[in-house]
Amino acid sequence: MNATGEKLAYFYCNRAEENRREPESILNTLIQQLAETESGDKLLKPAIDIYEAREKEGHLSSRLTLRESQELLVQLTDIYPQTTICIDALDEVENGIRVRLLKSLKHVVETSKNLVKIFATTRMDTDILRQFEMFPRIELQPDDNFSDINQFVRTKVLGAINDRLLLGGVVDHALKAEICDVLCERSKGM
């Protein structure tokens, strides 16, 4: 089966939730998104095939192994001319565990017959840089969006003061400036 368009799969990592920081869970969620047909009511053949094979082996109730997930992701990305995988807050996955996820994603990018792009938001920890050093990347530093954040904060603070939502609207010019300055400084570009 050949798909005509691009496909997007995404995942938001969160260290506070186990299922949002485990490589197997992350890959399985990506698989769910890539395996659905456009209408959303059927699964693509590679997903059906692996579950039928697992059923014959008596492994249906267990989740896919990391290796099985990797290979299924490759098969699914081979269906689409281009696949973009977005991983938000990648640094929320523990360093020791994260390398398994990074290696799996790297395997998918290198093995798929078609173009697979990884878009990740993360702090640039050493292990992340090492796994993706051979791939092109665009880095944004906190200072890159500092003026946008300053403008946003000032607009929101002044709006809250004018609407009497902040300190009953009774705020002198010096305090307005101090509130904005502290919020902007503590945002660190985030």
Looking at the range 90-117, which of the residues that are among the small types (Gly, Ala, Ser) and at pLDDT 90 or above is nearest to ASP78 (Cα to Cα)? SER112
So is GLU17 open to solvent by 70 Å² or more (accessible area, probe 1.4 Å), free of Cβ contacts under 8 Å to residues at least 24 places away in the same chain, farther than 24 Å from ASP88 by Cβ and not β-branched (Val, Ile, Thr) or not? no
Yes/no for ILE50 being crowded, with 18+ Cβ neighbours inside 10 Å and more than 21 Å from the chain's Cα centre (by Cα): yes
When you scan the range 83-111, how many residues do you find that are surrounded by 14 or more Cβ atoms within 10 Å (Cβ to Cβ) and either small (Gly, Ala, Ser) or not in a helix (DSSP H, G or I) (or both)? 9
Identify, from the list GLU57, GLU22, GLU6, the residue that is open to solvent by 80 Å² or more (accessible area, probe 1.4 Å), modelled with pLDDT under 95 and more than 22 Å from ARG137 (Cβ to Cβ). GLU57
Only one of these conditions is not met by VAL116: (1) touching a Ser or Thr at 6+ places or on another chain (Cβ under 6 Å); (2) open to solvent by 60 Å² or more (accessible area, probe 1.4 Å). Which number is it? (2)
Note on THR65: of the conditions (1) of a type in the set (Val, Ile, Thr); (2) closer than 19 Å to VAL109 by Cα; (3) without any contact (Cβ under 8 Å) to a residue 40 or more places away in the chain, unmet is (3)
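The values are calculated or read from the model by the stated rules, or taken from the named source; none is laboratory data. Here the structure is a predicted model, which is why all the values come from computation and not from measurement. No Cβ is skipped: glycine too gets one built from the backbone with ideal geometry, and neighbour counts run over all protein chains shown. Just the protein is used for accessible areas: all its heavy atoms, side chains included, with ligands, DNA and RNA removed. Shrake-Rupley method; radii C 1.70, N 1.55, O 1.52, S 1.80 Å.
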